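The values are calculated or read from the model by the stated rules, or taken from the named source; none is laboratory data. All values derive from a computational prediction rather than experimental measurement. So basically every Cβ, Gly included, is an ideal-geometry build from the backbone, and we count neighbours across all protein chains shown.
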Ligand code: NAD
């Protein structure tokens, strides 16, 4: 199994986990569209990865909640490379509040980026995958697709929702050779998590050290963060796996925080 010549769209790939997945795919010879809010950041990543090789990367400015922007980005990618083999719907944010304090506009913003983003990007790529008779759709879930934590009502709701969407796509896509799966990482040290540490400490009235050691890593088998490379290896597996045998699944990569 390898990704040589495969064309992948990865959202939110100018930073963090998405960036790491793009790097892993390009290192294996894939062509990767780096889709993110900032074209400048996407171009920086695309340049870095193309120079690294042996694959190549292309920058796309894309807000995943904007249907026109998603469709335009997918059209651009298909114009340049002639099709799309893999979607990694990864763009995401975190907002933490107790439910009774959660501003409605922030709830809607979070759900829109995670769920509308997964829906719109899937809707845009599926016709191309169906035409080709194959494809792999990967959603970035979380341990929070299976577990709950205080302060994270919107995030937990969105990440649980992605499991349902992937299962429907796996059933609708099967006759066209299209698979859909979800990666469920534990805590990974990216800007998204760095931002949460002081926020959670304040909301829960504990120290930042306690947030890391008790809240984030307390239930792992070895109190270690999951790494970007760990998650990228799981993405590689879902992307490269060649048959419908592996579809409708979710794989937890979390140092044993959640076991199923
Ligand atoms: P990150 O903040 O480093 O990267 C997120 C990227 O998404 C950024 O480049 C950002 O610009 C982009 N983005 C945000 N809103 C967007 C939008 N509307 N349209 C397009 N791009 C947008 O965060 P990360 O930790 O790498 O998170 C990536 C994904 O992994 C998210 O879905 C997150 O929920 C998930 N995840 C993260 C962790 C973790 O511990 N870091 C754990 C489990 C799951």
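From the list 196, 249, which one is modelled with pLDDT under 95, within 23 Å of residue 13 (Cβ to Cβ) and surrounded by 15 or more Cβ atoms within 10 Å (Cβ to Cβ)?
Details: 249 fails: modelled with pLDDT under 95.
Among 196, 249, only 196 is modelled with pLDDT under 95, within 23 Å of residue 13 (Cβ to Cβ) and surrounded by 15 or more Cβ atoms within 10 Å (Cβ to Cβ).
Scan the stretch 10-45 residue by residue and report those that are out of contact with any helix residue (DSSP H, G or I) (no Cβ under 8 Å at 6 or more places or on another chain) and near the ligand (Cβ under 6 Å from one of its atoms).
18, 37
Exactly one condition in (1) without any contact (Cβ under 8 Å) to a residue 12 or more places away in the chain; (2) outside any helix (DSSP H, G or I); (3) within 21 Å of the chain's Cα centre (by Cα) is false for residue 206; which is it?
(3)
Considering each residue of the stretch 137-166, count those that are part of a helix (DSSP H, G or I), away from the ligand (no atom under 12 Å from the Cβ) and more than 16 Å from the chain's Cα centre (by Cα), and give that number. Give the derivation first.
In the first step, residues of the stretch 137-166 are kept if they are part of a helix (DSSP H, G or I); the result is 143-145, 153-166.
Next cut, away from the ligand (no atom under 12 Å from the Cβ) only: 153, 157, 160-161, 163-166.
Narrowing further to those that are more than 16 Å from the chain's Cα centre (by Cα): 153.
The qualifying residues number 1.
Closer than 17 Å to residue 90 by Cα and either surrounded by 17 or more Cβ atoms within 10 Å (Cβ to Cβ) or over 17 Å from the mean Cα position of the chain (by Cα) (or both): is that true of residue 28 in this structure?
Working: closer than 17 Å to residue 90 by Cα: no; either surrounded by 17 or more Cβ atoms within 10 Å (Cβ to Cβ) or over 17 Å from the mean Cα position of the chain (by Cα) (or both): yes.
Criteria not met by residue 28.
Quick one: which residue in 169, 95 is over 13 Å from the mean Cα position of the chain (by Cα), surrounded by 17 or more Cβ atoms within 10 Å (Cβ to Cβ) and in contact (Cβ under 8 Å) with a residue 60 or more places away in the chain? It would help to see each step written out before you state the result.
Working: 169 fails: in contact (Cβ under 8 Å) with a residue 60 or more places away in the chain.
It is 95.
Please verify whether residue 56 is touching a residue at least 24 places away in the same chain (Cβ under 8 Å), surrounded by fewer than 24 Cβ atoms within 10 Å (Cβ to Cβ) and touching a strand residue (DSSP E or B) at 6+ places or on another chain (Cβ under 7 Å), treating the condition exactly as stated. Write out each step before concluding.
Working: touching a residue at least 24 places away in the same chain (Cβ under 8 Å): yes; surrounded by fewer than 24 Cβ atoms within 10 Å (Cβ to Cβ): yes; touching a strand residue (DSSP E or B) at 6+ places or on another chain (Cβ under 7 Å): yes.
Spelling it out, residue 56 is indeed touching a residue at least 24 places away in the same chain (Cβ under 8 Å), surrounded by fewer than 24 Cβ atoms within 10 Å (Cβ to Cβ) and touching a strand residue (DSSP E or B) at 6+ places or on another chain (Cβ under 7 Å).
Taking the stretch 172-197 on its own, how many of its residues are in a helix (DSSP H, G or I) and over 16 Å from the mean Cα position of the chain (by Cα)? Steps first, answer last, please.
Residues of the stretch 172-197 that are in a helix (DSSP H, G or I), as a first pass: 172-176, 191-197.
Subsequent filtering for residues that are over 16 Å from the mean Cα position of the chain (by Cα) retains 172-176, 194-197.
Counting residues in the stretch 172-197 that are in a helix (DSSP H, G or I) and over 16 Å from the mean Cα position of the chain (by Cα) gives 9.
Let's see how each residue does on (1) more than 16 Å from the ligand (Cβ to nearest atom); (2) part of a helix (DSSP H, G or I); (3) in contact with a strand residue (DSSP E or B) (Cβ under 8 Å, 6 or more places away or on another chain):
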{"site": "170", "(1), (2), (3)": "yes, yes, yes"}
{"site": "202", "(1), (2), (3)": "yes, yes, no"}
{"site": "221", "(1), (2), (3)": "yes, no, no"}
{"site": "230", "(1), (2), (3)": "no, yes, yes"}
{"site": "244", "(1), (2), (3)": "yes, no, yes"}
{"site": "247", "(1), (2), (3)": "yes, no, yes"}
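For residue 191, only one of the following conditions fails: (1) surrounded by 17 or more Cβ atoms within 10 Å (Cβ to Cβ); (2) touching a residue at least 40 places away in the same chain (Cβ under 8 Å); (3) within 10 Å of the ligand (Cβ to nearest atom). What is its number?
Unmet for residue 191, out of (1) surrounded by 17 or more Cβ atoms within 10 Å (Cβ to Cβ); (2) touching a residue at least 40 places away in the same chain (Cβ under 8 Å); (3) within 10 Å of the ligand (Cβ to nearest atom): (1).
Table: residues versus (1) surrounded by fewer than 24 Cβ atoms within 10 Å (Cβ to Cβ); (2) over 24 Å from residue 37 (Cβ atoms); (3) modelled with pLDDT of 95 or more.
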| residue | (1), (2), (3) |
| --- | --- |
| 113 | yes, no, yes |
| 125 | no, no, yes |
| 130 | yes, yes, yes |
| 143 | yes, yes, yes |
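Picking from 125, 78, 70, which residue would you name as being closer than 26 Å to residue 24 by Cβ, near the ligand (Cβ under 10 Å from one of its atoms) and touching a residue at least 12 places away in the same chain (Cβ under 8 Å)? Before you say what the answer is, go through the steps one by one.
Details: 125 fails: near the ligand (Cβ under 10 Å from one of its atoms); 78 fails: near the ligand (Cβ under 10 Å from one of its atoms).
After ruling out the rest, the residue left standing is 70.
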